[in-house]
Amino acid sequence: MQGSVVQSTHHDLIARQSRSCPAQFTAFLPRKASWSGRSGVLVRVAQPSVSTTRSLESAILLEREQARAEMEEQEVSANSNSTTSDIDGEELAVELARIANDVKGEEISVLHVAPLVYWTSYLLLVTVNSRPQLQAVIARMERRAKELGRESSFVSRGRSAWEVLDFGDVVVHIFTPDQREYYDLESFYGAAEEIPLLFLTEERRAPDWASNLR
């Protein structure tokens, strides 16, 4: 009975080690012990040598260093958009909103979401009414952003009814009316501050000379 307990405990320990250890390190684990039911004793338990243990530790340390280096590289890449240009996020968002307005985009809004999410600072939402208009907005925005020293890390081709441009601290969403209504990002980020777009206010205030001549 005591031998059965030893068998179960030993095998369970090895099983737990196998499950918790990365696949590339399983070769360093001790081989599973054989059990002789007739003699009631363990007939083979291969314990890891000192050199094997050190090899395992070295491999784990190397894996951790590689993972840390990859994470640092990804972080630098994610932040590269915000460090290659003098224009800040709000200025870029407003400038891209102006571009959208020039291409007759509708319901243009800029939301300051930095207090709400970790992955960006501003969202620019634009509604378009056709695929050609959507493609024109994307092309004009990418060209203007490049002039300002920014480049989208996500290249959109205007093939769907909802497209995204990611400039790091500014993320642009361009939708058709039904997609914008369905996903309702304004409600999802309802606590975000809306940035005033003065050029839209000025347009509304401009006199309608054509109507005055009627």
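The values are calculated or read from the model by the stated rules, or taken from the named source; none is laboratory data. Because the structure is predicted, anything quoted here is derived from the model rather than measured. So basically every Cβ, Gly included, is an ideal-geometry build from the backbone, and we count neighbours across all protein chains shown.
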Just to be sure before I move on: is residue 171 modelled with pLDDT of 95 or more, within 19 Å of residue 111 (Cβ to Cβ) and of a type in the set (A, V, I, L, M) in the structure I sent? yes
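Identify all residues within the stretch 104-119 that are in a loop (DSSP other than H, G, I, E, B) and crowded, with 17+ Cβ neighbours inside 10 Å; write none if there are none.
Within the stretch 104-119, 105, 113 meet the criteria.
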Checking 154, 188 in turn, the sole residue that is more than 21 Å from residue 107 (Cα to Cα) and without any contact (Cβ under 8 Å) to a residue 40 or more places away in the chain turns out to be 154
Can you name the residue in the stretch 127-158 that is at pLDDT below 90, surrounded by fewer than 19 Cβ atoms within 10 Å (Cβ to Cβ) and not aliphatic (A, V, I, L, M) and, of all such residues, is nearest to residue 179 (Cα to Cα)? 158
Check the stretch 104-111 and report whether any residue there is within 26 Å of residue 86 (Cβ to Cβ) and either modelled with pLDDT under 95 or under 19 Å from the mean Cα position of the chain (by Cα) (or both). yes
